[in-house]
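Let me begin by presenting the structure, written as structure tokens, before commenting on it.
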Amino acid sequence: MFAVQIQLLLSVLCALAIYACFTPDFPLLNLVIFVLLIAVGSDDAFLLHSHFPDELNEESFYEALAHTASTMFLTSFSTAVPFFVNILSNVIVFRCFGLFAGLTMCVNFVLVISFLPTFLIIQKKYFSCLPKLPDLSKYFSTSIKVVFPQVLIQGRFVWLASLSLVVVSCFYISLENLSLPKYNPLQLFRSDNPHEWYDNHAQPIFEFVEAKIAIPLHARLVWGIKPVKQPDMFRDLTDPPLEDDPTFTLATVSDVKQLARTLKRIRALHFVEHSSPYWPEQFLTWSSKYACQPALVCCNITSPLFRGTYLDYCLRNSTSYIFTQYNDTPIFDAHDFRLIGYTALLPTKLRYAHVYRNLSVSFSQLDKNLQLDHGGWYTTEWYLMSTWFDLQRSIVSDCQSSALISLAVVALFAPIAMRWQAIACLLSICSIIIVSVGIVVMLGWTIGVLEAVILVLVVGLSFDFTLHFGASLPSDGCPMHRVERTAELAMGPVFLAAISSIIAGLPMLLCKTHAFFQVGVFLVVSMSVSWVFANFFFVPLLTLTLSRRQPCQQCHDKDFQMVPRY
């Protein structure tokens, strides 16, 4: 126990040292890994301890480490991959969490295959005389070796049928009810908090709240400037620098006319219908009425006295006669006073909403109709609207990509440890994911920022217990005796790993903050479901999928004993 605690502490410290080389920022979401590491680190420790030989020699040590190292590599790798996938996210917090969590998983695996075996060797060689803690597994030996395998084998059809029904039910519940936050997108405390309860129920109960939230979704049109791409992907600059966009220019009359036509088309959109012309349109009207005189600069673009070199002066001069403001103005460089861009406020009939489905309809209309030429782009006038929509869109895409990549990794590497039983393993893992998600949805979960990060772990944590049973499967014998042997070898470590993870999550159910409470719920639910399906779904499934052509020595011995003697 002491060695495992040191291993977990060193995993965090070493990962933190490597993480500091990339960024000094440490989002609070990274604290979640301290709890999740208990579930992963203790799991591998129990597996190594259960397979460590009593009679230690070079051959037995090599055999034990070769068997457990491959299993622990797959469990750690399947958990670390979805974390590292989050580095590609558009959300800075997801990137930092993915980097720190992935590094922690990698360092933990290195310590599990190096530090823990070394500690066990030293303990057996130099401290074997010291009193040991009582082995609790002996009290469960009868149930593990005799009763429990028979319960799994004799009731296999009942377990498979009932759990399959649970999977179908949870799949339907997830499909119908899993959604992004509707009324309270940035929840800080548990749902039973009075303030959070009001935020979660005010909009459907009180009409004035819905009207208050339905803020006009105005757009800001920008030409001529663009933000500089941030050089550090793990740090968010509060004021990102801007640079000129060379694709935009108002050097010719055709450029001005094209910008005016674009603005006129946008003003006529069905969700805009803005009657007042913008500055480029007003400039063309003002220019057509400009009275030109010989020997003076002519700003009438239709007059023969007009020259192209006069255009920059005329554009500047027009601002003295045409009313311009922040919502409709050319942009000048503060250093050399060059005319570099243009910006305008576009009032629309669209309204803001917390619900992602409604908000995505509004943004899809803006994306479809605001196709601006010459490098133009738009954003919402109130930047929090576009920030929230981009966050929700990133949550959806990141969850999908992380889950699919994790499943692909598991499907790719599962045959290494399980060979032909990888299909049964994948079926069990998919069932665990569906049931875990279905249960948390029934508990009222919505996919917020924290929940999106937590759901990334479902695939990795769903793989561990199932892999331990599959890796403990003997290579020869009939299906029934192979399943019995699997239960004898893996039941103890899997049970202890599940209990340790659940115990780590139970105290967090007493937390008042939403983040830690959700992590506790996830640990208890996912570990419980993973243990149930690994025992009562995957193991019974093996009795139906294992090959029956291999000779079984136990069956042969039993048949030999039943032969009558004369």
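The values are calculated or read from the model by the stated rules, or taken from the named source; none is laboratory data. All figures in this text were calculated on a predicted structure; none of them were measured in a lab. Note: ideal-geometry Cβ built from the backbone for every residue, glycine included; neighbour counts use all protein chains shown. In case anyone asks, the SASA skips ligands and DNA or RNA and just uses the protein heavy atoms, side chains included. Shrake-Rupley method; radii C 1.70, N 1.55, O 1.52, S 1.80 Å.
Which value, in Å to one decimal place, does the Kirkwood hydrodynamic radius take for segment 192-329 when every pair of different Cα atoms is included? Don't skip to the end; give the middle numbers.
Working: mean 1/r = 0.0516 Å⁻¹.
In segment 192-329 this quantity evaluates to 19.4 Å.
Quick query: amide H of Thr380 versus all other amide H atoms, modeled in the peptide plane; which residues come in under 5 Å with a sequence gap of 5 or more or a different chain?
Those qualifying (amide H under 5 Å, at least 5 residues apart or on another chain) are Arg220, Ser386.
Rank these by accessible area, largest first, 1.4 Å probe: His195, His201, His514, His274. Can you show the working numbers first?
Working: His195 140, His201 70, His514 25, His274 50 Å².
Listed by decreasing accessible area, they come as His195, His201, His274, His514.
Per Stokes-Einstein, at 25 °C and 0.890 mPa s, what whole-number D in µm² s⁻¹ belongs to segment 340-413, with the Kirkwood radius over Cα pairs as the hydrodynamic radius?
Translational D for this selection: 165 µm²/s.
Per the helix-only calculation at 222 nm, which mean residue ellipticity applies to the chain, given -39500 (n - 2.57) for every DSSP H run of n ≥ 4 and division by its residues, nearest 500 deg cm²/dmol?
That calculation yields -20500 deg cm²/dmol at 222 nm.
Enter the accessible area per residue of the chain (Å², integer; probe 1.4 Å; all protein chains in place). Walk me through the intermediate numbers first.
Values: 29490 Å² over 566 residues.
With the other protein chains kept in place, the chain gives 52 Å² per residue.
Can you give me the solvent accessible area of Leu305 with a 1.4 Å probe, rounded to the nearest 10 Å²?
About 70 Å², rounded to the nearest 10.
Calculate what fraction, in whole %, of the accessible area of the chain sits on carbon and sulfur atoms when a 1.4 Å probe is rolled over the protein chains.
65
In whole Å, what three semi-axes, largest first, describe the equivalent ellipsoid of the chain built from its Cα gyration tensor (square root of 5 times each eigenvalue)? Show your work: numbers first, answer last.
Details: eigenvalues 850, 126, 90 Å².
They are 65, 25, 21 Å, listed from largest to smallest.
Quick one: which residues, 5 or more positions from Ile215 or on another chain, have an amide H under 5 Å from its amide H? H modelled 1.01 Å from N in the peptide plane, none for Pro or chain starts.
Tyr352
Report the accessible area of Glu484, computed with a 1.4 Å probe over the heavy atoms of all protein chains in place, in Å² rounded to the nearest 10.
Ignoring ligands and nucleic acids, Glu484 comes out at about 40 Å².
Give me the net charge for the shell around Val532: Cβ to Cβ below 15 angstrom, other residues only, Lys and Arg +1, Asp and Glu -1.
Charge balance in the 15 Å sphere: 0.
Post the alpha-carbon centroid distance, segment 296-334 to segment 387-415, in whole angstrom.
Cα centroid of segment 296-334 versus Cα centroid of segment 387-415: 52 Å apart.
Length gain on complete extension for the stretch Ser401 to Ile213, per 0.36 nm per residue less the alpha carbon to alpha carbon distance?
64.5 nm
Where does the charge balance sit around Ser78 when Lys and Arg score +1, Asp and Glu -1, over other residues with C-beta under 14 Å from its C-beta? Each step should come with its number before you reach the end.
On the way: positive: none; negative: Asp43, Asp44, Asp464.
My count for the surroundings of Ser78 gives -3.
What are the semi-axes of the equivalent ellipsoid for segment 1-111, taken as the square roots of 5 times the Cα gyration tensor eigenvalues, largest first, in whole Å?
In descending order the semi-axes read 30, 14, 11 Å.
Report the calculated FRET efficiency for Lys229 and Tyr172 (r = Cβ-Cβ distance, R0 = 41 Å), to the nearest 0.05.
0.40
With the alpha-carbon atoms as the only input, what is the per residue convex hull volume for segment 146-224 in Å³?
266
Return an integer: the convex hull volume of the alpha-carbon atoms of segment 425-546, in Å³ per residue.
85
Amide H neighbours of Cys511 under 5 Å, counting only residues 5+ apart in sequence or on other chains, H built in-plane at 1.01 Å?
none
Among the complete DSSP H segments of the chain, which ones combine at least 24 Å of alpha-carbon extent along their axis with a mean Kyte-Doolittle hydropathy of 1.6 or more?
2-20, 422-442, 449-471, 514-533
By how many nm would the segment from Cys21 to Gln371 grow when fully extended, if each residue of separation counts as 0.36 nm and the alpha-carbon distance is taken off?
Taking 0.36 nm per residue and subtracting the Cα distance, the gain is 121.9 nm.
How much length would be gained if the chain were fully extended between Tyr321 and Ser288, taking 0.36 nm per residue of separation minus their Cα-Cα distance, in nm to one decimal?
Here the answer is 10.5 nm.
Where the Cα atoms of segment 496-540 are projected onto their three principal axes, how long is each span, largest first, in whole Å?
40, 17, 9 Å, listed from the longest principal axis down.
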